[in-house]
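The values are calculated or read from the model by the stated rules, or taken from the named source; none is laboratory data. Given the structure is predicted, the values throughout are model-derived calculations rather than measurements. Note: ideal-geometry Cβ built from the backbone for every residue, glycine included; neighbour counts use all protein chains shown. These accessible areas exclude ligands, DNA and RNA; they are computed on the full protein's heavy atoms, side chains included. Shrake-Rupley method; radii C 1.70, N 1.55, O 1.52, S 1.80 Å.
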Amino acid sequence: MADLARYMTWVFDCDGVLLDSNRVKTEAFYQAAEPYGPGQAEALVDYHVRNGGISRYVKFSTFLSDIVGRSRADGDELQQLLDRYAGLVGEGLRQCAVADGLMTLRRLTGSARWLVVSGGDQEELRGVFADRGLAELFDGGIFGSPDTKDEILAREWENGGILHPAVFVGDSRYDIEAATRAGLDFIFARRWSESDHDFSQATLTVDGIDTLVQRFGQTSE
């Protein structure tokens, strides 16, 4: 069993880990793409689910090039998709459930540093976390796209924002791959995950933050 008390830094994905927002975003991708036809919208949703944790900028660019078949990127068309998606997502992020046990885990981790590293838009994330009274939990910062998770983790390690040993709590294939590349342990939170990836290489698998709190208590006994 992992010694959870040893970690000096905790890195969290947002959607499907801290917030029950995966379904919010999946539906928003469909609705944003629906004017192109239901088949194209379903194809975008399939791509989105297979590539959880990748930013919306990449997903909509790929949608236009690989699904719609645009030979050349149109900045205005891409921006219209991004704006429609952001409008659909914003309210949902402010209403969806927050993971049970989050405040307790913050207390149990003591002086460890907490960061959010998400595929979501960085400014949107910071606004949502501030509005929901969660921003103060993450003393190491709240980070998101357009930077990738690999870029954020590398930068924060380089500038001392991440202290080792460190652990990443996520729910997607990209989460575990980015964590591994950055030298972080990985905890798979499966309750709200939409991924069918094999997470057998995870340091620990839990249902969610609440069961992580229970495991933390067990390792502290």
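Here are some notes:
- Qualifying positions in region 3-22 - closer than 16 Å to Gly208 by Cα and not aromatic (Phe, Trp, Tyr): Leu4, Val11, Asp13, Cys14, Asp15, Gly16, Val17, Leu18, Leu19, Asp20, Ser21, Asn22
- Hits in region 19-59 (condition: open to solvent by less than 10 Å² (accessible area, probe 1.4 Å) and closer than 20 Å to Asp150 by Cβ): Lys59
- Residue check, Ile152 part of a loop (DSSP other than H, G, I, E, B) and of a type in the set (Val, Ile, Thr): no
- Residues (among the polar types (S, T, N, Q) and either free of Cβ contacts under 8 Å to residues at least 12 places away in the same chain or surrounded by 17 or more Cβ atoms within 10 Å (Cβ to Cβ) (or both)) located in region 165-188: Ser172
- When the criteria are applied in full, Thr180 fails the requirement of being among the polar types (S, T, N, Q) and either closer than 25 Å to Lys25 by Cα or in a loop (DSSP other than H, G, I, E, B) (or both).
- Test for Arg191: is it in a loop (DSSP other than H, G, I, E, B), open to solvent by 10 Å² or more (accessible area, probe 1.4 Å) and not polar (S, T, N, Q): yes
- Taking region 95-116 as the range and being without any contact (Cβ under 8 Å) to a residue 40 or more places away in the chain and within 23 Å of Asp147 (Cα to Cα) as the test, no residue passes.
- Selection within region 144-156 - over 17 Å from Asp171 (Cα atoms), open to solvent by 10 Å² or more (accessible area, probe 1.4 Å) and touching a residue at least 12 places away in the same chain (Cβ under 8 Å): Pro146, Asp147, Ala154, Glu156
- The one condition in (1) in contact (Cβ under 8 Å) with a residue 40 or more places away in the chain; (2) surrounded by fewer than 21 Cβ atoms within 10 Å (Cβ to Cβ) that Asp131 fails to fulfil: (1)
- Selection within region 133-146 - assigned to a loop (DSSP other than H, G, I, E, B) and either modelled with pLDDT of 95 or more or of a type in the set (Val, Ile, Thr) (or both): Gly133, Leu134, Phe138, Asp139, Gly140
- Among the residues making up region 130-145, those that are over 13 Å from the mean Cα position of the chain (by Cα) and either farther than 13 Å from Val98 by Cβ or not aliphatic (A, V, I, L, M) (or both) are Ala130, Asp131, Arg132, Gly133, Glu136, Phe138, Asp139, Gly140, Gly141.
- Taking region 155-177 as the range and being within 22 Å of Ser21 (Cβ to Cβ) and part of a loop (DSSP other than H, G, I, E, B) as the test, the residues that pass are Asp171, Ser172.
- Residue pairs whose Cβ atoms lie under 6 Å apart, sitting 6 or more positions apart in sequence or on different chains, and linking a residue in region 26-43 that is in a helix (DSSP H, G or I) to a partner that is aromatic (Phe, Trp, Tyr) and open to solvent by less than 50 Å² (accessible area, probe 1.4 Å), are Ala28/Tyr85; Ala32/Tyr85; Ala41/Tyr30.
- Residue match in region 208-216 (condition: of a type in the set (Phe, Trp, Tyr) and either more than 20 Å from Arg107 (Cα to Cα) or surrounded by fewer than 16 Cβ atoms within 10 Å (Cβ to Cβ) (or both)): no
- Restricting region 98-128 to residues that are of a type in the set (Gly, Ala, Ser) and under 15 Å from the mean Cα position of the chain (by Cα), the residue that is surrounded by the fewest Cβ atoms within 10 Å (Cβ to Cβ) is Ala99.
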